[in-house]
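Taking it in order: structure first as structure tokens, then the write-up.
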Amino acid sequence: MEITVQTGELLREPSDLGVLAVCEDAPLPEEVAGLLEPADFRGRALQTLLLYPRDAVAPRRLLLVGLGKRDKVTAETIRRASAAAVQQARSLQVPAISVGVAGDLPLEPEVTAQAFAEGLELGAYRYWPYRTGLTTEETFAVEAATVFVKGPEQQVRAGIAAGEAIARGVALARDLVNSPGYRMTPATLADQAVELGKRLGLRVTVLDKPQLTEQGFGGILAVGKGSDNDPRFIVMEYSAAVDARPTICLVGKGLTFDSGGLSLKPPDAMETMKSDMAGAAAVFGAMQAVAELKLPLHVVGIVSAAENMPSSNAYRPGDIVTTLSGKTIEVLNTDAEGRIILADGLFYAQRYQPDAIVELSTLTGAIIIALGAHATGMMGTSQELVDKISRAGEMSGERVWQLPLWDEYHEMIKSQIGDIKNIGGRPAGSITAGAFLAAFVGDYPFVHLDIAGTAWADRPAKPYESQGGTGVGVRLLAQFLRNYIQ
Ligand code: BES
Ligand code: ZN
Ligand code: ZN
């Protein structure tokens with residue numbers, strides 16, 4: 001979609017569909033108020049009303065979208081409203097729309113503009129490379145949007161550009177997650193990283209199975225052993241041309257398919273397990289956004305990629321795995337595989353002496369029980385870093401919620417026969433997983449984000465989501481990294 005900025009008045013500029021976002025407690029512009037009965041449209045959040053204003057205003061059609069109470073309006077409100085608008089435009093088959101707000105909002109113009117761009121692009125996202133016989137309504141694309149946001153033009157343009165870059169990162173993450181497991185193997189995921197690197201000037205390193213063996217990546221090798229699709233370790237490095245500090249490592253779980261291995265999952269639980277690389281996908285999307293936004297940082301994206309399959313070569317319950325760190329893991333359940341591959345990825349991150357390590361993984365079913373789809377679970381070893389991620393969560397609309405990492409939880413995963421065991425029983429399942437990871441980061445500030453509940457939408461809950469991968473983490477990481485430089 002081509003998004004352009006205009007500073008004039010939405011109601012004065014001709015267009016096939018003008019979308020006017022309206023607060024519940026703000027008056028409608030006079031020329032619009034005359035077009036409807038007040039009771040028909042109160043401006044409640046996401047309420048819409050389509051009007052044919054004849055010549056009362058310049059747009060041929062006018063769609064009112066409610067924002068709710070003015071003092072409750074956030075970037076998330078705008079994101080949802082603009083996604084709802086683009087969906088309405090698609091069903092009306094209008095290729096070019098204009099969008100704007102009636103009155104002023106309690107938001108910076110740049111923030112409003114960014115949220116508009118994100119909502120428009122993400123609301124338009126579709127994934128159907130495997131669908132045939134699509135209807136014209138389904139294939140119809142809204143090609144252009146003109147955004148009317150009041151404020152300094154440079155700020156508005158910067159907001160649009162940021163929103164577009166971030167939305168492209170989210171779309172990349174969604175595409176990677178939605179791609180079926182037989183296509184998205186560790187090797188193809190690595191190919192995607194190489195391609196991303198070429199396109200954006202990232203330094204990309206891929207380690208294949210012989211290299212992993214030689215260098216001692218015992219965790220990744222153990223988990224990947226049962227599959228003919230060999231594991232990979234992927235590093236994508238972005239360095240700004242300017243003084244390239246601080247250094248942030250982003251680490252992602254890249255299980256391209258998680259059958260559970262010998263501790264096989266039941267069929268229902270396996271249906272969506274192509275999405276077990278959503279942490280990796282978020283790292284890809286964030287790396288792309290960071291490079292496009294040219295942030296003055298040194299960001300290292302690290303992905304452990306493997307496929308977890310049962311076979312006579314598969315790792316077993318009872319096996320001992322020697323990780324890259326030298327620490328040994330007692331495997332009691334081969335379905336708790338994410339933490340094993342991440343142990344190598346997190347230990348590797350230490351070689352960059354990072355200012356922060358932020359790791360994302362679809363790690364535990366238990367986090368879905370705790371938080372549902374409405375927040376990502378968070379644990380961390382540095383409260384300062386945890387607070388930064390919380391703030392980025394509020395700002396980006398990708399909320400996180402902290403759980404504790406007290407010593408007692410570390411006790412629960414001590415092993416007799418090895419250093420650490422890969423499950424700690426049902427109680428506090430998400431936290432013992434987080435505690436396990438924290439054992440591999442040394443003293444570096446570390447945050448673990450469990451996105452098992454937020455990475456996949458069976459039914460989209462927000463207008464800017466679609467069924468399948470949500471691309472969660474990209475907006476959060478992009479916001480965190482942008483805040484980092486301020
Ligand atoms: N990939 C799963 C976690 C998951 C579950 C992600 C549901 C998305 C939706 C992970 O590898 C796993 O299987 N975890 C086990 C751990 C258990 C064996 C300790 C789980 O949560 O059941
Ligand atoms: Zn698993
Ligand atoms: Zn998994």
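The values are calculated or read from the model by the stated rules, or taken from the named source; none is laboratory data. All values derive from a computational prediction rather than experimental measurement. Positions of Cβ are backbone-derived with ideal geometry, glycine not excepted, and every protein chain shown enters the neighbour counts. Areas reflect the complete protein model, heavy atoms only, side chains present, ligands, DNA and RNA absent. Shrake-Rupley method; radii C 1.70, N 1.55, O 1.52, S 1.80 Å.
Here is how the numbers come out for the structure above:
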{"item": "Entries in 209/294; 253/327; 150/294; 198/294; 198/274; 150/388 that, when Cα-Cα distance is taken, lie over 23 Å", "result": "209/294; 150/294; 198/274; 150/388"}
{"item": "For residue 265, residues with placed amide H under 5 Å, excluding near neighbours", "result": "260"}
{"item": "Amide H partners (placed H, <5 Å) of residue 257, local residues excluded", "result": "308"}
{"item": "Beta bridges by DSSP in the chain, antiparallel share as percent, to the nearest 5", "result": "40"}
{"item": "Value in Å of the Kirkwood radius, where region 278-409 supplies the Cα pairs that are averaged", "result": "16.9"}
{"item": "Degrees between helix 278-293 axis and first principal axis of the chain (Cα, 0 to 90, nearest 10)", "result": "60"}
{"item": "Radius ratio Rg over Rh of region 2-149, counting only Cα atoms, Kirkwood formula for Rh", "result": "0.97"}
{"item": "Value at 222 nm in deg cm²/dmol, rounded to 500, when DSSP H runs of n ≥ 4 in the chain each add -39,500 (n - 2.57)", "result": "-11000 deg cm²/dmol"}
{"item": "DSSP-assigned coil residues among chymotrypsin sites (Phe, Trp or Tyr not before Pro) in region 65-141, each with at most 11 further Cβ atoms within 10 Å", "result": "130"}
{"item": "Interchain or long-range residues, amide H under 5 Å from residue 251's placed H", "result": "302, 358, 359, 360"}
{"item": "Degrees between helix 383-396 axis and first principal axis of the chain (Cα, 0 to 90, nearest 10)", "result": "30"}
{"item": "Formal net charge of residues neighbouring residue 59 (Cβ-Cβ distance under 12 Å; K, R +1; D, E -1)", "result": "-1"}
{"item": "Cα gyration tensor shape of the chain, rounded if a/c is under 1.5, else prolate or oblate by comparing a/b with b/c", "result": "prolate"}
{"item": "Per-residue HN-Hα couplings for region 153-170 [Karplus 6.51, -1.76, 1.60; θ = phi - 60°; Hz; x = Gly/Pro]", "result": "4, 4, 5, 5, 4, 5, x, 4, 4, 5, x, 5, 5, 5, 5, 5, x, 5"}
{"item": "Region 275-291 and region 1-69: distance between their alpha carbon centers, rounded to Å", "result": "36"}
{"item": "Solvent exposure of the chain as accessible area per residue, Å², 1.4 Å probe", "result": "41"}
{"item": "Within the accessible area of the chain (1.4 Å probe), percent carbon and sulfur", "result": "49"}
{"item": "Angle in degrees between helix 474-484 and the longest Cα principal axis of the chain, rounded to the nearest 10", "result": "90"}
